[in-house]
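Report on the structure given below.
The values are calculated or read from the model by the stated rules, or taken from the named source; none is laboratory data. This is a predicted model, so every value here is computed, not measured. Glycine gets a Cβ as well: all are built from the backbone with ideal geometry, and neighbour counts include every protein chain shown. Areas reflect the complete protein model, heavy atoms only, side chains present, ligands, DNA and RNA absent. Shrake-Rupley method; radii C 1.70, N 1.55, O 1.52, S 1.80 Å.
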Amino acid sequence: MDARKQEWLTVHQPFELDYHKWRGVEWCSNEEQFQDFWREIENWIDPPAYVLDIGCGPRPPFAPCTVIEPLAYKYQKIAPLAWWQMVTVYGGPAEAHHPELDGQFPLVVCWNCLDHTYDWRAILDNVVRYL
């Protein structure tokens, strides 16, 4: 395993999960704050009815949607399950290609994600395939 991926698995992913255990879920639980934040973004990107969200964090903001989120199953244990209703989950790294998703989405959202990865080039290659 290459050193970047090893560091991502052993340092970055545990840190991300710990952050959301103690801060992120709390922030996402403030319904008014969460909706206000994402409403501005939603108005800016004007998403179509169904999108792919890569790296959605503990609460997918564009549900119903499909997400690729390596910590999805762990987030589902610390966040209200209602946040994950009508969300199709691919619970692995975004660097992994999912051929069944190729050409399925008019929009891919990747918010605050690429800086948390071990191979952003592979993710961007996948985004092009999924569009």
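A few remarks follow.
- Considering (1) within 11 Å of the chain's Cα centre (by Cα); (2) under 21 Å from V11 (Cα atoms), the lone condition that W120 does not fulfil carries the number (1).
- Top-ranked residue in the stretch 10-21 [being under 16 Å from the mean Cα position of the chain (by Cα) and hydrophobic (A, V, I, L, M, F, W, C); ranked as most open to solvent (accessible area, probe 1.4 Å)]: F15
- Restricting Y50, Y75 to residues that are in contact with a Pro (Cβ under 9 Å, 6 or more places away or on another chain), modelled with pLDDT of 90 or more and hydroxyl-bearing (S, T, Y) narrows the list to Y75.
- Condition check for V25: closer than 22 Å to V127 by Cα and in contact (Cβ under 8 Å) with a residue 12 or more places away in the chain: no
- In the stretch 15-34, the residue that is modelled with the lowest pLDDT out of those that are within 22 Å of T117 (Cα to Cα) and of a type in the set (F, W, Y) is W22.
- Count - residues of the stretch 28-48 that are surrounded by 11 or more Cβ atoms within 10 Å (Cβ to Cβ) and either in contact (Cβ under 8 Å) with a residue 24 or more places away in the chain or in a helix (DSSP H, G or I) (or both): 12
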